[in-house]
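Novice: My questions will all concern the structure given below.
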Amino acid sequence: MRFIAPRLAFLSTLCVLFAPRIGHAQAVDPNKEPPTEAVASSTEFLHLINLETPATLLKRKTLYGIDVRPFGSSENSTYVQLEGMYGLTDRLTVLARGGGSMRRYFQNGLLQVPHGGQEVELGLRYGLPSTGNYKLGVQGSILYDNTLRDNQFLFAAQGMASRSFFNDKLVAFLSPRVFLADRSFGTFGVGVTYQISNDFALIADGQLSIFGDNAVRVSNGSGVQQEIYGVGFRYSPPSILNGKASLDFGVTNGLGRTSGFSASPGLSGSAAIYVNFGYKL
């Protein structure tokens, strides 16, 4: 409860940023392309580091990806996950992800704190009809955790919103997420991408833990709320593989690409150098 007031002020500021301007008419340029909906034209907009975006794949398009995150410090594990996405329609995308690390214990005196393990996910993402600089989407997933701490099914529900600025050079994202299980928890995420050049983009995202515990204390093994962060770059040159491939690299404390792992931090502030490769067909 001690962080409720600053978190509410933070969320209120974001709502003002993303709120559409009601009551102000906008001039229509007859030469401008019609407003686009939440459909991704490349791997660039389908995900950030630990957050989803409202974009979906075009019908019958496919995305394959691999995510590697070697952690040091207390976590001391390497998480590897595979991902596949397929456009059922222009607005509806099915996704499957899975992987993780070896299950192990962190030894703190006589206390053994479990960490590591695997998580698999099957989900659907729907891009809502959107216009102008705004895009909206929703995603629902069923996950299975196979860890020393949990061995259970979870249901994840999340909303995604984005707003672009400066001719799409800068894009801001919001994503509230809820995870329902024996120990339910929720996070509120924000993110940003900034197109530095045709080849490089800056990516950053973060999540506040709103309710429930998404981490564990190494001092006594009890649950605790902890923030998630990630910052990095995306390299996606149009001249290589027709712009269908992307390479992300940076630093994060999120465990992986599956929804549950991406909302869970490494033990005791552990961080990883992450690398993510995506290829769209």
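Novice: In this structure, does Thr62 turn out to be farther than 30 Å from Leu267 by Cα, surrounded by 15 or more Cβ atoms within 10 Å (Cβ to Cβ), touching a strand residue (DSSP E or B) at 6+ places or on another chain (Cβ under 6 Å) and modelled with pLDDT of 95 or more?
Specialist: Details: farther than 30 Å from Leu267 by Cα: yes; surrounded by 15 or more Cβ atoms within 10 Å (Cβ to Cβ): no; touching a strand residue (DSSP E or B) at 6+ places or on another chain (Cβ under 6 Å): yes; modelled with pLDDT of 95 or more: yes.
For Thr62, the condition - farther than 30 Å from Leu267 by Cα, surrounded by 15 or more Cβ atoms within 10 Å (Cβ to Cβ), touching a strand residue (DSSP E or B) at 6+ places or on another chain (Cβ under 6 Å) and modelled with pLDDT of 95 or more - is not met.
Novice: Here's a follow-up. Kindly provide the set of residues from segment 194-240 that are over 27 Å from His115 (Cα atoms) and either outside any strand (DSSP E or B) or of a type in the set (Asp, Glu) (or both), ordered by number. It would help to see each step written out before you state the result.
Specialist: The first filter runs over segment 194-240 and keeps only residues over 27 Å from His115 (Cα atoms), leaving 194-203, 233-240.
Residues satisfying the conditions are Ile196, Ser197, Asn198, Asp199, Ser236, Pro237, Pro238, Ser239, Ile240.
Novice: Still on this structure, please answer the following. Return yes when Thr252 is touching a strand residue (DSSP E or B) at 6+ places or on another chain (Cβ under 7 Å), under 28 Å from Arg91 (Cα atoms) and among the polar types (S, T, N, Q) and no when it is not.
Specialist: So Thr252 fails the test.
Novice: Hey, does segment 120-140 have a residue that's over 18 Å from the mean Cα position of the chain (by Cα) and either on the phi > 0 side of the Ramachandran plot or buried (at least 18 other Cβ atoms within 10 Å of the Cβ) (or both)?
Specialist: Yes, segment 120-140 has at least one match.
Novice: Let me ask something else. Looking at (1) within 15 Å of His47 (Cα to Cα); (2) small (Gly, Ala, Ser); (3) touching a residue at least 40 places away in the same chain (Cβ under 8 Å), which is the only condition Gly132 fails?
Specialist: For Gly132, the exception is condition (1).
Novice: Show the residue pairs meeting these rules: Cβ distance below 9 Å; 6+ apart or different chains; first residue within segment 209-225 and within 17 Å of Gln107 (Cβ to Cβ); second residue assigned to a loop (DSSP other than H, G, I, E, B) and of a type in the set (Ser, Thr, Tyr).
Specialist: So the pair list comes out as Val216/Ser222; Val218/Ser74.
Novice: Let me ask you something else. Out of the residues in segment 79-112 that are in a strand (DSSP E or B), at pLDDT 90 or above and among the charged types (D, E, K, R), which is surrounded by the most Cβ atoms within 10 Å (Cβ to Cβ)?
Specialist: Of the residues in segment 79-112, the ones in a strand (DSSP E or B) are 79-87, 92-100, 104-108, 111-112.
From what is left, the residues that are at pLDDT 90 or above are 79-87, 92-100.
From the residues that got through so far, the ones that are among the charged types (D, E, K, R) too are 83, 97.
Details: Glu83: 22, Arg97: 24.
Checked segment 79-112; the qualifying residue surrounded by the most Cβ atoms within 10 Å (Cβ to Cβ) is Arg97.
Novice: Take the conditions closer than 23 Å to Ile210 by Cβ, surrounded by fewer than 15 Cβ atoms within 10 Å (Cβ to Cβ) and out of contact with any Cys (no Cβ under 6 Å at 6 or more places or on another chain) and apply them to Leu180. Does it pass?
Specialist: Yes; evaluated as a whole, the condition is true for this residue.
Novice: Check Glu75 against each of (1) surrounded by 15 or more Cβ atoms within 10 Å (Cβ to Cβ); (2) in a strand (DSSP E or B) and name the one condition it does not meet.
Specialist: Going through the list (1) surrounded by 15 or more Cβ atoms within 10 Å (Cβ to Cβ); (2) in a strand (DSSP E or B), Glu75 breaks only (2).
Novice: Would you point out which residue out of Gly186, Gly191, Gly127 is closer than 21 Å to Thr89 by Cβ and assigned to a strand (DSSP E or B)?
Specialist: Matching residue, one of Gly186, Gly191, Gly127: Gly127.
Novice: Tell me whether segment 21-44 contains one or more residues that are more than 28 Å from Ala172 (Cβ to Cβ) and at pLDDT 50 or above.
Specialist: no
Novice: May I pose another question? Looking only at segment 59-90, which residues are over 28 Å from His115 (Cβ atoms) and over 19 Å from the mean Cα position of the chain (by Cα)?
Specialist: The answer is Lys59, Arg60, Lys61, Leu88, Thr89, Asp90.
Novice: Of all residues in segment 241-281, count the ones that are assigned to a strand (DSSP E or B) and either in contact (Cβ under 8 Å) with a residue 24 or more places away in the chain or buried (at least 24 other Cβ atoms within 10 Å of the Cβ) (or both).
Specialist: 18
The values are calculated or read from the model by the stated rules, or taken from the named source; none is laboratory data. On a predicted model such as this, the values are computed, not experimentally measured, just so you know. Don't worry about glycine lacking a Cβ; one is built from the backbone with ideal geometry, like all the others, and counts go over all protein chains shown.
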